[in-house]
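Notes for the one structure printed next.
Taken together, the values in this text are just the output of simple stated rules run on the coordinates, not laboratory data. From a predicted model like this one, the values you see are computed outputs, not experimental measurements. Neighbour counts are summed over all protein chains in view; Cβ atoms, including those assigned to glycine, are modelled from backbone coordinates with ideal geometry.
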Amino acid sequence: MTKLSWKYVGPDADVVAPDERLSWPRTLGIGAQHVVAMFGATFLVPVLTGFPPATTLLFSGVGTILFLLITGNRLPSYLGSSFSVIAPVTAAVASQGTGSALGGLVAVGLLLILIGAVVHVIGTRWLDLTLPPVVTGAIVALIGFNLAPAAKTNFEAGPLVGLVTLVLLVGALAFFRGLIGRLAIFGAVVIGYLLALALGEVDTAPIAEAAWIGLPQFQTPTFSLAVLPLFLPAVIALVAENIGHVKS
C-alpha cells in the first residue's frame, strides 16, 4: 500500500479499511468529528497542567502525521494528550517548575522509543504476557472515567445544553445508520453549541479579542533526579494505553 493513499469506497460500506475512504465531503465531515472528539481531551490536559494549549495541539498534529508516515498508514490513529501524565506533571511543576515537568515528559518519550525498539526487535510476546487484555482494557476504560469529573463540571455549568446534546448524540447513535449515525458526535456538538449561543451561554468576547494567527510557546526542559522517578509509572500506563488502542 502506498503511504497516505486511499481508495474510494461507497457510502454503503459497513467498514472502511485504513487504505480506503468515503467521498471527500463525507471524509471531511468525519474528520471534523474526530477534531471535535479529540479536542476536549487534548485541550483539557494542557489547561489542567498549565502548558500552552497551542503548543500541545502543534505537537499533537506533528506526532500524528509522523505516526501515519512511519506506520505506512496501516493503522489510523490520533496521537493526543494523555491523562496518565497529569499527576506527575502537576507534582513536578509544584516542586521544581515547568521545566522539570517538560524534562520528565522528554524522559517518558525516550523510554517509549526504547520500548518500541525492543518490540520491533524481539516482538510483542513479552508485552502480551505482562500486559494482558484485561489490564490494557481496564486502563483504556479508566481513561474515559478520568474525564467524568470534567464532564460533570461542564454539564452543571449548562444543564439544558448538556442534556439536549446528550439526547441528540444517543438518539443519533441508536436510531440512525449511515452518515447521520457516523456523524452523531459532530452533529450533536454543533446543535448544542448553537443552542448555547441562542441562550447567551457563550462568551464571544475572547474570540473577538484573539489574534488571527498565534505562535506556539516553547520552553527548554530541565532534568531533575528528584522529579524523574515520578514519571516512571506513566510509562507503564502509556504502554498499556497504546496497546489497548491498537488492539481495539
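List of remarks:
- Region 19-81 pair-distance distribution - Cα-Cα, 10 Å bins, rounded %: 20, 45, 29, 6
- Ratio of Rg to Rh over the chain (Cα coordinates, Kirkwood Rh, two decimals): 0.98
- Separation of region 130-183 and region 23-69, taken as the distance between their Cα centroids, equals 17 angstrom.
- Per residue, the convex hull volume that the Cα atoms of region 1-110 enclose (Å³): 108 Å³
- Sites Gln217 and Asp14 - FRET efficiency at Förster radius 51 Å, r taken between beta-carbons, to 0.05: 0.70
- For the chain, relative contact order (Cα pairs under 8 Å, six or more residues apart, normalised by length) works out to 29 percent.
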